[in-house]
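Below is one structure, written out as structure tokens, with a few remarks after it.
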Amino acid sequence: MGLYSDPISVDSHRVRVVLAEKGIDVEVVEVDPEGHQPEDLPQLNPYAETPTLIDRDLALYDPRVICEYLDERFPHPPLMPIDPVSRAKSKLVISRIERDWYTLLHQLEQLGRRGRPAIRRQLAQSLAASADVFDTGMRYFLSDDITMMDCVLAPILWRIEYYGVELPPEAGAVTAYARRLFARDSFIASLTHTEQGMRSAP
């Protein structure tokens, strides 16, 4: 199994978090989006984008599709609920995280570290407004066990300091939750050298 991965992109990171949580042995090929591209990437992925996962004759290139495939291909430990109702609810939460927070973070990734103050404020305010969801008494996001929702959230929270997003005091539950995620051996293993330099080691 191989993964073409951008060493700084939040989308590639979420896949690497899932791989690390599952303990999957994978060959990671780092791809600089501004540099030389692997010759076979356009043949494997019509958009020639990262992340792209190769598993034998199968090539997958949407981060959500890749993560769900990995959870089904390697069912232990499970990251998604088994029953259809709970699974659908988890997918809706992930969809909202992508639409509300990934969209803003993608804008910051494209603009660089300085970004636009308005985008940074919007992301900080949106996270702070959801602080009560992080403060449920459970160890992880709406669960005492690590789930796919945590794998999607962790790369966002790791980057907010790097992009100048300052969480207000009322977002303390978000910060505490992030620290718990960052302390996991699997999360530390998911970080590239570039990502390690985004903030102090957990």
At what distance in nm do the modelled label points of Val65 and Glu27 sit from each other, each positioned 7 Å from its Cα along Cα→Cβ?
-> 2.3 nm
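State the three equivalent ellipsoid semi-axes of the range 101-187, derived from the C-alpha gyration tensor as the square roots of 5 times its eigenvalues, in descending order and whole Å.
On the way: eigenvalues 100, 41, 21 Å².
Over the Cα atoms of the range 101-187, the ellipsoid semi-axes are 22, 14, 10 Å.
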Considering only the other residues whose Cβ falls under 13 Å of the Cβ of Phe134, what net charge follows from Lys and Arg at +1 and Asp and Glu at -1?
-> -1
Mean ellipticity per residue at 222 nm, deg cm²/dmol - from DSSP H runs of n ≥ 4 across the chain, formula -39500 (n - 2.57) | -14000 deg cm²/dmol
Provide the gained length on full extension for the span Thr136 to Leu111, in nm with one decimal, where the gain is 0.36 nm per separating residue minus the Cα-Cα distance.
-> 5.6 nm
Over the chain, relative contact order from alpha-carbon pairs under 8 Å, at least 6 apart, % | 24 percent
Between Lys91 and His193, how many nm apart are label points set 7 Å from Cα along the C-beta direction?
-> 4.0 nm
Roughly speaking, what is the centre-to-centre gap between the range 53-117 and the range 145-202 when only Cα atoms are used, to the nearest Å?
-> 16 Å
Are there trypsin sites (Lys or Arg not before Pro) in the range 142-202 that DSSP puts in a loop and that have at most 16 other Cβ atoms within 10 Å, and which ones?
-> Arg199
Dipole moment magnitude, nearest 20 debye, the chain about Cα centre, only Lys, Arg, Asp, Glu C-beta charged = 780 debye
FRET efficiency, Ala183 to Glu39 (Cβ-Cβ, R0 35 Å, nearest 0.05) = 0.35
Neighbourhood charge, 13 Å Cβ-Cβ cut-off, centred on Glu21 and excluding it, Lys, Arg +1 and Asp, Glu -1 | 0
Report the extension gain between Arg99 and Glu170 in nm, rounded to one decimal, defined as 0.36 nm multiplied by the number of residues separating them, less their alpha carbon distance.
-> 23.3 nm
Find the Cα radius of gyration of the chain, compare it with 2.2 N^0.38 Å by division, and give the number to two decimals.
-> 1.00
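Rule-based calculations on the coordinates, nothing more; no lab input. No experiment lies behind these values; they were computed from the predicted model shown. Note: ideal-geometry Cβ built from the backbone for every residue, glycine included; neighbour counts use all protein chains shown.
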